[in-house]
Amino acid sequence: MLTAPIALALLAVALAWPVPLWLAHSRWPTRAPGLALLLWQSIALAGGLSMIGALLTYGLVPFGTDLVSGVSGFFDAVIRRDAAARAGLLHVAALAGAALLSIHLLLNLALTVIRTDRDRRRHRRLLELLGRQDPANPRTRILDSPLPVAYCLPGSSGSVTVFSAGLLDLLNEDELLAVTEHERAHLGQRHDLVLVAFRAWHASLPWFPVAYRAEREVGLLIEMLADDRARNHVEDSALARAIALVGNAGEQSGIALAASSGDLRPQSVTRIARLDGAIRPLGSLARATAVIAAVALLGVPTALLLLPTILAALA
């Protein structure tokens, strides 16, 4: 049964460092941000499953030849009160580590969701006090601020899109439409849920450089996806001007997808660069390869965990 924990541990190491770094340094995600986002999600899920699976399968080695028999044997040993006697110190530590890591990840996810929801509710109350409703759209509020600001605020009681008076004065009709469709894409595609998940991953492993890198890269991919929605309604030149004029459009805050004024940041530069027509869409073969890779990333640790049980049942 040592084959599974060793293979899962090696996979966890690969997904914790070289694979995310390769994806972060690749140029093709700008050509297919949706597929790149799918890969990042697969890396995160498969990495967590591999880490927990490696510890779990190693800890269950004294109790069975595969995952199912190991779990059954472990609970039988607990009932007979001889689990500690059958398992060595390393196996006990591995089981404890698997349990603690699972609880740690789930607890941080729950806390991040709760905090995000609380902050959004507070922000919503502030908007009701400081902003005014757009007569043409009841789900849009306008802030009396000279700074160009645009963001969406998701919520269980209804989402709100926020524009500042400064933004409305700065942009022409096409540019404003580009920003509007960009923010609608965030809401319609529920990008906030993806951001919360990666924010929770970063909060769970704050010392882990890849967790921070993943959150940043996912944030950029989400902005590109929203840009692609806007490109269906306006010319690329209008969208590029809107991004340039607003400056840091789409910069993620703690509770929303916000825009603020200032010098262009690397995210904005990258977003504008892909609008000049020089970056072609990803080919069909490359797209299929990315989808297969995403599925394989989830399938390999699942197979390593369950395949021995399936083979034992078929034998």
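The values are calculated or read from the model by the stated rules, or taken from the named source; none is laboratory data. No experiment lies behind these values; they were computed from the predicted model shown. Every residue, glycine as well, gets a Cβ built from its backbone with ideal geometry; the counts of neighbours run over all protein chains shown.
Structure data summary
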item: Set ALA87, ALA94: member being surrounded by 14 or more Cβ atoms within 10 Å (Cβ to Cβ), at pLDDT below 95 and farther than 30 Å from ALA165 by Cβ; result: ALA87
item: Selected residue (only one of SER50, SER42, SER72 is under 24 Å from ARG229 (Cβ atoms) and either of a type in the set (Ser, Thr, Tyr) or outside any helix (DSSP H, G or I) (or both)); result: SER42
item: Region 7-35, residues that are without any contact (Cβ under 8 Å) to a residue 12 or more places away in the chain and not in a loop (DSSP other than H, G, I, E, B); result: LEU10, VAL13, ALA14, PRO18, TRP22, HIS25
item: Search result, residues across region 160-191 that are outside any helix (DSSP H, G or I), within 20 Å of ASN232 (Cβ to Cβ) and not β-branched (Val, Ile, Thr); result: LEU171, ASN172, GLN189, ARG190
item: Test: residue in region 261-269 that is acidic (Asp, Glu) and either in contact with a helix residue (DSSP H, G or I) (Cβ under 6 Å, 6 or more places away or on another chain) or modelled with pLDDT of 90 or more (or both); result: no
item: Meets criteria (modelled with pLDDT under 95 and not in a strand (DSSP E or B)) for ARG132; result: no
item: ALA238 more than 25 Å from the chain's Cα centre (by Cα), closer than 24 Å to SER145 by Cα, part of a helix (DSSP H, G or I) and in contact (Cβ under 8 Å) with a residue 40 or more places away in the chain; result: yes
item: Restricting region 37-70 to residues that are polar (S, T, N, Q) and buried (at least 22 other Cβ atoms within 10 Å of the Cβ), the residue that is farthest from SER102 (Cα to Cα); result: THR57
item: Residue tally, condition without any contact (Cβ under 8 Å) to a residue 60 or more places away in the chain and within 20 Å of VAL300 (Cβ to Cβ), over region 57-89; result: 2
